[in-house]
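Beneath this line is the structure, given in structure tokens, with notes to follow.
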Amino acid sequence: MTANILPGLSYPLGATVLQTGVNFCIASKDAEAIDLLLFDGPEDPKPARVICLDPKLNKTAYYWHVLVPDVGEGQVYAYRAHGKYWPEAGFRFDASKVLLDPYAHAVVGWQNYDRQAAGLLEYDNCATALRAVVVAPSTQVVQGMKPGSYDWEGDRPLGTALASSVIYEMHVGGFTRNPNSGVAPHKRGTYAGVIEKIPYLKQLGITAVELLPIHEFDEDDAPPDRKNYWGYSTLSFFSPHRAYSSCKDPLGPVREFRDMVKALHQAGIEVILDVVFNHTAEGSDTGPTLSYRGLWNDAYYMLETNKTFYSNYSGCGNTVNANHPVTRNLVIDSLRYWVAEMHVDGFRFDLASALSRDHSGRVLERPPVLWSIEADPILAKAKIIAEAWDAGGLYQVGSFVGDRFAEWNGPYRDDMRRFIKSEPNTIGTAAQRILGSPDIFSHPERDPNRSINFVTCHDGFTMNDLVSYNEKHNLANGEANRDGGNHNHSWNCGVEGPTDDPEIEALRLKQIKNFFTVLFLSQGTPMILMGDEVRRTQQGNNNAYCQDNELSWFDWSRVESQAELLRFVQMLISKSKSLALMEREELLDVEPDSRQPNIVWHGTKRHKPDWGSKSHALAFELNHPAAQEHLYVIINAYWELLPFELPPLMHTDHQWRRIVDTSLPSPDDFCELDTAPIVTDGIYRVPGRSSVILYRK
């Protein structure tokens, strides 16, 4: 080893900028030797220097480390790992492969990247491999660390309560990539593009964006001639995706992502990341060697009895062995980094149930990684949201571990679709979903807002397509329409796909308004999908994961053409956020005479809800005595007009005012309280497939 190079330290992992140089540290128990490669430029075909680590000097327990004094922030680096290639025993060392640091904070080398070359045994892929960039933290994390120069200007995560939250599931690239976005060409589809559209998000009224994966991912992990658009193919759990940055220098994505977070926070909007800790871009046993499998295969992945093969509870070829101590540390360190260094407000864990399995796939009663997330003090204020199932058949909605995790409420999506569609046997389950799903989340002290309610998300039909297609239309994906879900509970309202029939178009718009109305009146935290507020369509494609084109992008022309729906959603969000009834942290009381905030069920007749299998109509009263808020809500999912009795007014100065009637054209579909028409009759006649909200205070 060169004289001025020091042995270094086993902590922190990754590349740490110190006052005396950069400490490099990587985990690999069974490697026989590790080479640190230092490149002068991001795309250089060969390293300028190779530092061979001596296991006697540069290895402590599982960790290889070295301190290089004459490098700093911006240094490009990678590794080679020497050892056995013996897949049957779980070893996949291949010294011909250049490996990415699992703790890389920025990734370069995309211009020459070749995924196929990384999968060829004993083929030197140095010229086409990805590399990491040394990034200095914005604050001093350990003694002797040299902070970077980024100025957060006093920014802090916002800490908005779930009870006050409205989540907008959004794709960073797709939000502004369309040429009609009005964003400058070099900023379309970037973090900077999101900044330019913050006024739209603020006007919409949402309180948080939940970003589809922005961890660096492999766009080439997709069918031929297509791209991985959604991003569920993670390469690096610490790096912001470079393709979403308008700044092309090595440190640009880190800087621009921070700019976006800071700007969103200034607008009062939180940032939640969709994180994919259940699998990586390395795929199955036939996939490329990019990082993890070339360093410590059986620590990072679950392997079958014949260790040549990977357990596949993710449906993507491999499953991360998240409860291995080294991998668990990586997960926790990643989450801490995004909270402490990138100021994000929370995380949605993709296929989170996969994280509850041990190395053999057995479901653990108290999975260490999930309890570590739950109890970590740095993550204490972060929102943590579980997609509480995996592709191996494990379904844990209502039984997911911990006291803090919120959960995507999949049954809410399915049951509300069936109810609004007018399917039989749906009235009882619809009532449960409106009430916060106490039949699923049965703990009496559980905050009902930990149910993340949604009708649509990235995976499946958009709201427009939900009311426009009976069947999926995924031929453009190149998989003969076999991909994507087959049980969509959708209804095309009479014609498959686009139509010029004004009656069908009016019905579709009304159904969309019905979905939004019931979503924002249900106890729990509402989440809406990007573009649903302006009827974004994917032309019936319910699995657009590989469609990085106008099929998936936000169409900004619809902001004008669908102004009626946009206004309706804006007013619905604004009204729901203004009501104490909608910001409760306890379940509503079901006692009619309760002095606590309560719900009273009705049917077409007062106090006579029809829970029968053929019932399609539901009315309910929402009362908050202390706030003097009283709502009467009618959801008529029947296809014909029904008359509903209204509760009598208790005082002569009380009046029912009609705020919402989805059967009416704009602006009468949603009225401001001070201009809302007074309802003088004791009967309100609700047309078929319509929703009504009456208000008195």
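The values are calculated or read from the model by the stated rules, or taken from the named source; none is laboratory data. None of these values were measured; they are calculated from a predicted model. We place every Cβ from the backbone using ideal geometry, glycine too, and count neighbours over all the protein chains shown.
The number of residues in the range 344-364 being over 28 Å from Pro157 (Cα atoms) and either free of Cβ contacts under 8 Å to residues at least 24 places away in the same chain or assigned to a loop (DSSP other than H, G, I, E, B) (or both) comes to 6. For the range 108-146, filtered to residues that are part of a loop (DSSP other than H, G, I, E, B) and basic (Lys, Arg), the residue that is modelled with the highest pLDDT is Arg115. Candidates are the residues of the range 533-560 that are part of a helix (DSSP H, G or I) and in contact (Cβ under 8 Å) with a residue 12 or more places away in the chain; the one that is nearest to Leu631 (Cα to Cα) is Glu533. Of the residues making up the range 471-489, those that are crowded, with 16+ Cβ neighbours inside 10 Å and within 23 Å of the chain's Cα centre (by Cα) are Lys472, Asn474, Asn477, Asp483, Gly484, Asn488, His489. Residues to consider are Trp408, Trp338, Trp371; find the one that is out of contact with any Cys (no Cβ under 7 Å at 6 or more places or on another chain), in the same structural domain as Glu304 (by TED's automatic domain parsing) and within 30 Å of Trp611 (Cα to Cα). Unique residue meeting the criteria: Trp408. Taken over the range 10-21, the criterion of being surrounded by 24 or more Cβ atoms within 10 Å (Cβ to Cβ) and either among the aliphatic types (A, V, I, L, M) or in a loop (DSSP other than H, G, I, E, B) (or both) is satisfied by Ala15 alone.
So, Tyr191, is that one within 30 Å of Glu550 (Cβ to Cβ), surrounded by 14 or more Cβ atoms within 10 Å (Cβ to Cβ) and either touching an Asp or Glu at 6+ places or on another chain (Cβ under 7 Å) or in contact (Cβ under 8 Å) with a residue 12 or more places away in the chain (or both) or not? Yes.
If you check Ser522 against the conditions, is it touching a helix residue (DSSP H, G or I) at 6+ places or on another chain (Cβ under 7 Å), small (Gly, Ala, Ser), assigned by TED's automatic domain parsing to the domain that holds Leu211 and surrounded by fewer than 22 Cβ atoms within 10 Å (Cβ to Cβ)? Criteria not met by Ser522.
The condition of being assigned by TED's automatic domain parsing to the domain that holds Tyr168, free of Cβ contacts under 8 Å to residues at least 40 places away in the same chain, of a type in the set (Val, Ile, Thr) and not in a loop (DSSP other than H, G, I, E, B) holds for only one of Ile452, Ile504, Ile512, that being Ile504.
Apart from one condition, Ile34 fits all of (1) buried (at least 22 other Cβ atoms within 10 Å of the Cβ); (2) under 34 Å from the mean Cα position of the chain (by Cα); the exception is (2). Report whether or not Asn306 is in contact with a strand residue (DSSP E or B) (Cβ under 8 Å, 6 or more places away or on another chain) and either at pLDDT below 95 or not in a helix (DSSP H, G or I) (or both). Criteria not met by Asn306. Pairing each residue of the range 576-589 that is within 18 Å of Thr517 (Cα to Cα) and part of a loop (DSSP other than H, G, I, E, B) with any residue that is acidic (Asp, Glu) and modelled with pLDDT of 90 or more, provided the two are 6+ apart or on different chains, yields C-beta distances under 8 Å for Leu579/Glu629.
Restricting the first member to the range 34-59 and to residues that are within 18 Å of Val107 (Cα to Cα), and the second to residues that are in a loop (DSSP other than H, G, I, E, B) and hydrophobic (A, V, I, L, M, F, W, C), the beta-carbon pairs closer than 9 Å and six or more apart or on different chains are Leu37/Ala48; Leu37/Val98; Leu38/Ala48; Leu38/Val71; Phe39/Ala48; Asp40/Ala48; Gly41/Ala48; Pro47/Val98.
From the set of residues in the range 393-425 that are without any contact (Cβ under 8 Å) to a residue 60 or more places away in the chain and more than 13 Å from Ile440 (Cβ to Cβ), which is surrounded by the most Cβ atoms within 10 Å (Cβ to Cβ)? My answer is Val401.
Out of all the residues in the range 535-558, is one or more hydroxyl-bearing (Ser, Thr, Tyr) and within 27 Å of Tyr638 (Cβ to Cβ)? Among the residues of the range 535-558, not one is hydroxyl-bearing (Ser, Thr, Tyr) and within 27 Å of Tyr638 (Cβ to Cβ), which makes the answer no. Of note, Phe461 does not satisfy the criterion of being in a loop (DSSP other than H, G, I, E, B) and in contact with a Gly (Cβ under 7 Å, 6 or more places away or on another chain).
Of all the listed residues (Ile385, Ile452), the sole one being more than 30 Å from Tyr632 (Cα to Cα), under 18 Å from the mean Cα position of the chain (by Cα) and surrounded by 22 or more Cβ atoms within 10 Å (Cβ to Cβ) is Ile385.
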